[in-house]
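**Student:** First the structure, which I've put down as structure tokens, then a few questions once you've had a look.
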Amino acid sequence: ATSAKSQYELQTLTTWLLDLEKNAVIDNELAAVISSIATACKQIGSLVNRAGISNPHGLAGPENGAGRGPEEAGRHLKRGLRKLPAQQWDGAGSGAAAGLGPGVGLAACGRTGVIASEEEDLPVAVEETFSGEYVVVFDPLDGSSNIDAGISVGSIFGIYEPSPECSIEDMDDPEEMMKKCVLNVCQAGNELLCAGYTLYSSATILVLTVGKGVYGFTFDPLIGEFILSHPNIRIPDKGKIYSFNEGNYQMWSEEQKKYIDSLKYPEKWGGKPYSSRYIGSLVGDFHRTLLYGGIYGYPGDAKNTNGKLRLLYECAPMSMIAEQAGGKGSTGFQRVLDIVPEAVHQRVPLFCGSKWEVEYLESVLQGKP
Ligand code: AHM
Ligand code: MG
């Protein structure tokens, strides 16, 4: 979509989406959903930038992680999605969604049937949007424990079409409706139409894929637009950086320890020692891995056998992006995108990044080096 553009012509996210539409890569409905997510991310970016000024006592919130920052960010995203007053929209029983005023984010687009957010216990059906085709999953503000130190945070999202066998017809029966919402949301990552994230850092960068490569857009605050800055991102086949929380080392399996040791002690396999980089903010750690190569990992351990990250809101979207950039997303034993979620907040181990590092990890974890 970008090749015909002259080198003097800047492409905005909007013109990029219009080009995709013109070339029948996506339809205008999906373009509207993506565009409303981008608008919500601009709002969240401004919330993050001003966090220290408007919230001198901190946005990250109590230690349990249920902070005001993520809640507020979630509100921006949802506003773009809903079509009805909050109390009706909130029919699925999600208290956190109640009482929203008008907004410009996901709420205004009217194309969405179901949303699921990491910040809420259950998915929510968008009443009256039976015509809305899309299921949107998101983590509104990932890595929020970093926010009060001015360290990068991000939003992650995925867009699915609802499974044909479970359209939401019966809004009068909340239990039935909830079952259908869960069914709509619990789709394997390989059904994703679009996955993306926005990194709020030295710049605000939106990276997304609609299944035809990975594109990055940098927010220009002067004109209020996302500008195409990273066309067709390809992750290096092999990198020099690993990104794991090594504080968990003693809880890891012997195979997991062996893998990390082998990156640190190259004499065992004839390579050079890897560098270690870990922010503790998935979007930042993943973005660096995407651009520079290497591996990001959140393994299962003795305490949390499936690790910490959520399949729907974190692992599946990131794995789609990794694969679309020529890399891999794996649990160590299985392709992440092949997993059909059994629960909306299901966790899985995640290893993603360059092909070489992820395949090597798989061979070590599976005991076949
Ligand atoms: P959150 O969704 O509650 O913000 O948690 C997810 C974050 C990721 O951004 C990051 O990769 C991970 O938690 C860091 O966890 P840890 O502090 O255990 O290393
Ligand atoms: Mg998260």
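The values are calculated or read from the model by the stated rules, or taken from the named source; none is laboratory data. Remember, it's a predicted structure, so these values are computed and weren't measured experimentally. Backbone-built Cβ (ideal geometry, glycine too); neighbour counts: all protein chains shown.
Let's see how each residue does on (1) loosely packed, with under 15 Cβ neighbours inside 10 Å; (2) of a type in the set (A, V, I, L, M, F, W, C):
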| position | (1), (2) |
| --- | --- |
| Phe226 | no, yes |
| Ile233 | no, yes |
| Tyr242 | no, no |
| Tyr249 | yes, no |
| Gln256 | no, no |
| Lys268 | yes, no |
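**Student:** Mind checking whether some residue in segment 327-336 is surrounded by fewer than 19 Cβ atoms within 10 Å (Cβ to Cβ), more than 18 Å from the chain's Cα centre (by Cα) and on the phi < 0 side of the Ramachandran plot?
**Tutor:** For segment 327-336, residues surrounded by fewer than 19 Cβ atoms within 10 Å (Cβ to Cβ), more than 18 Å from the chain's Cα centre (by Cα) and on the phi < 0 side of the Ramachandran plot: present.
**Student:** Would you check if there is a residue in segment 257-267 being at pLDDT 95 or above, more than 19 Å from Ala195 (Cα to Cα) and within 15 Å of ligand 1 (Cβ to nearest atom)?
**Tutor:** Yes.
**Student:** Quick check on my filter: what residues within segment 171-224 are of a type in the set (D, E, K, R) and not in a strand (DSSP E or B)?
**Tutor:** Those that are of a type in the set (D, E, K, R) and not in a strand (DSSP E or B): Asp172, Asp173, Glu175, Glu176, Lys179, Lys180, Glu191, Lys212.
**Student:** Right, something else. Within segment 166-182, restricting attention to residues that are closer than 12 Å to Val114 by Cα and at pLDDT 70 or above, which residue is surrounded by the fewest Cβ atoms within 10 Å (Cβ to Cβ)?
**Tutor:** This residue is Lys179.
**Student:** Looking at (1) assigned to a helix (DSSP H, G or I); (2) at pLDDT below 95; (3) within 15 Å of ligand 2 (Cβ to nearest atom), which one does His345 not meet, given that it meets all the others?
**Tutor:** (1)
**Student:** In this structure, is Arg310 more than 14 Å from the chain's Cα centre (by Cα) and not hydrophobic (A, V, I, L, M, F, W, C)?
**Tutor:** When the stated conditions are applied, Arg310 does not pass them.
**Student:** Here's something else I'd like to know. Any idea which residue in segment 134-152 is nearest to ligand 2 (Cβ to nearest atom), counting only those that are part of a strand (DSSP E or B) and more than 9 Å from Pro70 (Cβ to Cβ)?
**Tutor:** Across segment 134-152, the extreme among qualifying residues is Phe138.
**Student:** Name the single residue that is surrounded by the fewest Cβ atoms within 10 Å (Cβ to Cβ) among those in segment 270-304 being out of contact with any strand residue (DSSP E or B) (no Cβ under 9 Å at 6 or more places or on another chain) and at pLDDT 95 or above.
**Tutor:** The qualifying residue surrounded by the fewest Cβ atoms within 10 Å (Cβ to Cβ) is Lys303.
**Student:** Give me the residue from segment 337-356 that is surrounded by fewer than 24 Cβ atoms within 10 Å (Cβ to Cβ) and of a type outside the set (A, V, I, L, M, F, W, C) and, out of that set, nearest to Cys194 (Cα to Cα).
**Tutor:** My answer is Asp338.
**Student:** Same structure again: Check every one of the strands (runs of 3 or more DSSP E) wholly within segment 236-339 and list those with 3 or more residues that are of a type outside the set (Phe, Trp, Tyr).
**Tutor:** The strands (runs of 3 or more DSSP E) meeting that bar are 328-330.
**Student:** Select from segment 230-252 the residues that are within 13 Å of ligand 1 (Cβ to nearest atom) and in contact with a strand residue (DSSP E or B) (Cβ under 6 Å, 6 or more places away or on another chain) and list them in ascending order.
**Tutor:** Correct list: Ser243, Phe244.
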